[in-house]
Amino acid sequence: MGPYAIEARGLIKRFGGTTAVDGVDLRVPEGSITGMLGPNGAGKTTLLRMLLGIIDPDEGSRTLLGSEKPLKRAHEVGYLPEERGLYQSMKAVETIAFMGALRHLPLEEGRKRGRVLMEEAGLGHAIDKKIRELSKGMAQTVQLLGTIVHRPRLIVLDEPFSGLDAINQGKLERLIRDQAEAGATVIFSTHVIAHAERLCENVAIVAGGKVRFDGSVEAARDRLRPQVHLETSALDGPWCAALPPGTQREGHWWHFTLPDGGPEPLLNALIEGKAGIRSLSIERPGLHDAFVSIAGEAAAAEMERAQAEGAKP
Amino acid sequence: MNETIRAAWVIGRRDFTAVVLSKAFLMFLLGPLFPLGAGILFGSLGESIADDIGGDVVGISIPAEEAQALIQTRTRLATVLGDRRYPELRQLQPDEGTPKQVLEAAKALDDGSKGKLAAVLSGSFDQPVLTATSAEAEDIGPELALLISQARSGTDRLQPIRLDPVDSSAGGEQRAQLLTGQAGQALLFLLVMLLAGMVLSNLVEEKSNKIIEILAAAVPIDSVFIGKLLAMLAMAIVGIMVWGAAGMAALQIWGPGLPNLPVPAVGWPLFMLLGVLYFAMAYLILGSLFLGIGAMASTVREVQTLSMPVTMLQMFVFGFAFYTVSKIGQPIEIVACIVPFTSPFAMLARAAQVPEIWPHFVALLGQGLFALLVVRISAMMFRRNVMKSGGSGGGLKALFGRRKTA
């Protein structure tokens, strides 16, 4: 067993003439929280389904918890699909127990754990209610609890935040952190960068069926130089020569990328040249900027559009 | 294989519990009462309609003495052989006109009376003339000829025959066992069709519920199919047990009043056991085929479109098996016993008529293997068409080979 919960090498999946996943290499470190970022149609779901063994790749190979046959490790995996589905006439606690039983958890133990999990999630009153009697958010929580009831080593969540209100999104974030603290590896797909930025140590940026970046959030952000925003009282002087090429000016404001040498030489030139510094800020790029830089403007715009649609009531 | 069985058990247990505790199961238990009730209803309706219409009436315009003799003969024979066996006779008055005029007048008459005039017999016993359409003449002519012969002979009563009773006869037993075989086949067919439809709707529901994704991520698809099939089978066996218990209770209550049922060639206990086993096999084969259809379809409408030809094919299969019941030992019956789709039906009919037991072991084994093959093909199609999985490789390797990566 290597240090990776998931390893994929050259995965390709085609549907008819469309290549949904195009030569993906991916590594998910054990015990990490990894976010899979990408716009709709980027190939995230197809990739996750291949990693889990629901579908087979046309080319390439993958290893899940050390096995090249993902279904062999299914009992150590929890999976929340993008399209939620539950038996409507089944009681909530029975649903959780059934989902556990599918993954080798004895039914009675599943019921016990299901009750505890539901109490912890504030759904104690709904334990014996049928799924059809629950609200959408509650049913979604039940499905999530069914995903983790057997205490999996690897938790795969496909767009887990979609359809949840802000309170439930916060609860889900907490649950993901708790599971990671308990030692589970968590990988989730999302088109909301903020979730990934708050939760993840690692991200995989997917666009056009390819993984454009796979590494730590810090490494993604470090691919971009910090941005400097400077306000001066003077508009001209010898200090202007110290500004790096590509600097943009808006009135008394100057915007540019921090040069390789760091801020000190520039600051010295500004002070000595009497530029009259009114304001100076150095901004480290966020994950969003990194995403734009890596996946491109079009992918970022698509992500923002999907996010806006998801936020609509 | 162990994982497939374990997962099939988990899925089958859920489906079984869900169905048995649902209202649909009550409908399933009551299901056989509907065709039974419909049979009784339409039977009595048919009888009532036949009563309303009445039988054929033949007007007789022959010498009065001969007419009286003919009517008496008819009455006497109808008492013994049944009123509907011979046409009703009505003596015509001389002033009613020629036979053709009488028939024309009867056609015009609309008084709602039963049994309108169908033909007129004129002439005499020596030279009888029947005025009727060709179809009526073909139908009534021989019966009238028989009545005239009987009336002319002047024999007043039928010769009584003393009965020397025996328990059974070769001819009677064969006929009775054939009937047992046919009844068994019909029951089997009814049950299988009912259940296969339930399996199909169960899978379609699963797809529309989007639960299939959760199942497919956790267990092999084969086990999903096997679990569903076995759950429905278990449910059917519970149903059969309930019906059996109700039947036994009915026998206890009304038993003495019921006619003796013909004993099948292999005996009742084995016949009933084989009935359950062949039912299971017929259901597994058809059910897995229907699951395959569910696998190919993405919507309920597609399922309906695709299942229609299979239902028609199944009717044909049943018709074929039904046809071979009276052809035991002939090549066509052997073919029906070998072809997997007709085999359960044909073999059950055989069990009713032939005491040999070993062919049943062979047939059950063959049917079981075939059912397994159909499940495998259905699962493969499901992976390809619904889960959009599976590479370009296909054929026997895809069917029997182990999956490389999953």
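Quick look at the numbers
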| quantity | calculated |
| --- | --- |
| Members of region B:178-215 found to be within 14 Å of chain A (Cβ to nearest Cβ) and either in contact with a helix residue (DSSP H, G or I) (Cβ under 7 Å, 6 or more places away or on another chain) or part of a helix (DSSP H, G or I) (or both), listed by number | B:Asn202, B:Leu203, B:Val204, B:Glu205, B:Glu206, B:Lys207, B:Ser208, B:Asn209, B:Ile212, B:Glu213, B:Ile214, B:Leu215 |
| Test: residue in region A:271-287 that is in a helix (DSSP H, G or I) and closer than 25 Å to A:Ser216 by Cβ | yes |
| Considering residues of region A:74-100 that are of a type in the set (S, T, N, Q) and closer than 11 Å to A:Ala139 by Cβ only, the residue nearest to the other protein chains (Cβ to nearest Cβ) | A:Gln88 |
| Any hit, region A:183-194, residues being at pLDDT below 90, in contact with a Lys or Arg (Cβ under 9 Å, 6 or more places away or on another chain) and of a type outside the set (Gly, Ala, Ser) | yes |
| Criterion (surrounded by 15 or more Cβ atoms within 10 Å (Cβ to Cβ), within 22 Å of B:Thr4 (Cα to Cα) and either more than 14 Å from every other protein chain (Cβ to nearest Cβ) or in contact (Cβ under 8 Å) with a residue 24 or more places away in the chain (or both)) met by exactly one of B:Ala218, B:Ala265 | B:Ala218 |
| Long-range neighbours under 6 Å by Cβ, at least six apart or interchain, first residue at the interface with chain B (Cβ under 9 Å from one of its Cβ atoms) and without any contact (Cβ under 8 Å) to a residue 24 or more places away in the chain within region A:37-59, second aliphatic (A, V, I, L, M) and outside any loop (DSSP other than H, G, I, E, B) | A:Gly53/A:Leu71; A:Ile54/B:Ala216; A:Ile54/B:Ala217 |
| In region A:46-77, the residues that are crowded, with 20+ Cβ neighbours inside 10 Å and of a type in the set (Gly, Ala, Ser) | A:Gly53, A:Ala74 |
| Matching entry among B:Gln127, B:Gln101 (being at pLDDT 85 or above, among the polar types (S, T, N, Q) and exposed (fewer than 15 other Cβ atoms within 10 Å of the Cβ)) | B:Gln127 |
| Every pair of residues 6+ apart whose Cβ atoms lie under 7 Å, when the first sits in region A:127-152 and is more than 20 Å from A:Lys112 (Cβ to Cβ) while the second is among the charged types (D, E, K, R) and surrounded by fewer than 18 Cβ atoms within 10 Å (Cβ to Cβ) | A:Gly137/A:Asp165 |
| Residues (in contact (Cβ under 8 Å) with a residue 24 or more places away in the chain, assigned by TED's automatic domain parsing to the domain that holds A:Asp25 and either in contact with a His (Cβ under 6 Å, 6 or more places away or on another chain) or of a type in the set (Ser, Thr, Tyr) (or both)) located in region A:190-249 | A:Thr190, A:Ile193 |
| Selection within region A:70-85 - of a type outside the set (Lys, Arg) and either more than 18 Å from B:Ala7 (Cα to Cα) or in contact with a strand residue (DSSP E or B) (Cβ under 7 Å, 6 or more places away or on another chain) (or both) | A:Pro70, A:Glu76, A:Val77, A:Gly78, A:Tyr79, A:Leu80, A:Pro81, A:Glu82, A:Glu83, A:Gly85 |
| Residue check, B:Phe28 touching a residue at least 12 places away in the same chain (Cβ under 8 Å), in a helix (DSSP H, G or I) and either within 27 Å of A:Glu108 (Cβ to Cβ) or not assigned by TED's automatic domain parsing to the domain that holds B:Thr131 (or both) | yes |
| Test result for A:Val28, under 23 Å from A:His191 (Cβ atoms) and more than 16 Å from the chain's Cα centre (by Cα) | no |
| Selection count, region B:67-80, where residues are over 19 Å from B:Leu117 (Cβ atoms) and touching a residue at least 24 places away in the same chain (Cβ under 8 Å) | 6 |
| Which listed residue, of B:Ile5, B:Ile11, is within 14 Å of another protein chain (Cβ to nearest Cβ), more than 30 Å from B:Lys116 (Cα to Cα) and exposed (fewer than 15 other Cβ atoms within 10 Å of the Cβ) | B:Ile5 |
| Residue within region B:276-292 that is at pLDDT below 80 and not in a helix (DSSP H, G or I) present | no |
| Residue in region A:101-117 that is more than 9 Å from chain B (Cβ to nearest Cβ), among the β-branched types (Val, Ile, Thr) and over 23 Å from A:Val206 (Cα atoms) present | yes |
| Number of the exception - B:Pro256 against (1) at pLDDT below 85; (2) within 14 Å of chain A (Cβ to nearest Cβ) | (2) |
| Region B:81-94 residues that are within 15 Å of B:Ala69 (Cα to Cα), paired with ones that are exposed (fewer than 11 other Cβ atoms within 10 Å of the Cβ) (beta carbon under 9 Å, 6 or more apart) | B:Gln91/B:Ala64 |
| Qualifying residue in region B:150-168 (condition: part of a loop (DSSP other than H, G, I, E, B), at pLDDT 85 or above and of a type in the set (A, V, I, L, M, F, W, C)) | no |
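Yes/no matrix, rows are residues, columns are (1) over 25 Å from the mean Cα position of the chain (by Cα); (2) modelled with pLDDT under 90; (3) assigned to a helix (DSSP H, G or I); (4) within 14 Å of another protein chain (Cβ to nearest Cβ):
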{"residue": "B:Ala346", "(1), (2), (3), (4)": "no, no, yes, no"}
{"residue": "B:Ala349", "(1), (2), (3), (4)": "no, yes, yes, no"}
{"residue": "B:Pro359", "(1), (2), (3), (4)": "no, no, yes, no"}
{"residue": "B:Gln367", "(1), (2), (3), (4)": "no, no, yes, no"}
{"residue": "B:Leu372", "(1), (2), (3), (4)": "yes, yes, yes, no"}
{"residue": "B:Met387", "(1), (2), (3), (4)": "yes, yes, no, yes"}
{"residue": "B:Gly391", "(1), (2), (3), (4)": "yes, yes, no, yes"}
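Let's see how each residue does on (1) surrounded by 14 or more Cβ atoms within 10 Å (Cβ to Cβ); (2) part of a helix (DSSP H, G or I):
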{"residue": "B:Ile60", "(1), (2)": "yes, no"}
{"residue": "B:Leu70", "(1), (2)": "yes, yes"}
{"residue": "B:Thr75", "(1), (2)": "no, yes"}
{"residue": "B:Leu89", "(1), (2)": "yes, no"}
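The values are calculated or read from the model by the stated rules, or taken from the named source; none is laboratory data. The shown structure was predicted, so the numbers you read here are calculated from the model rather than taken from an experiment. Counting neighbours? That spans all protein chains shown, and the Cβs are built from the backbone with ideal geometry, glycine included.
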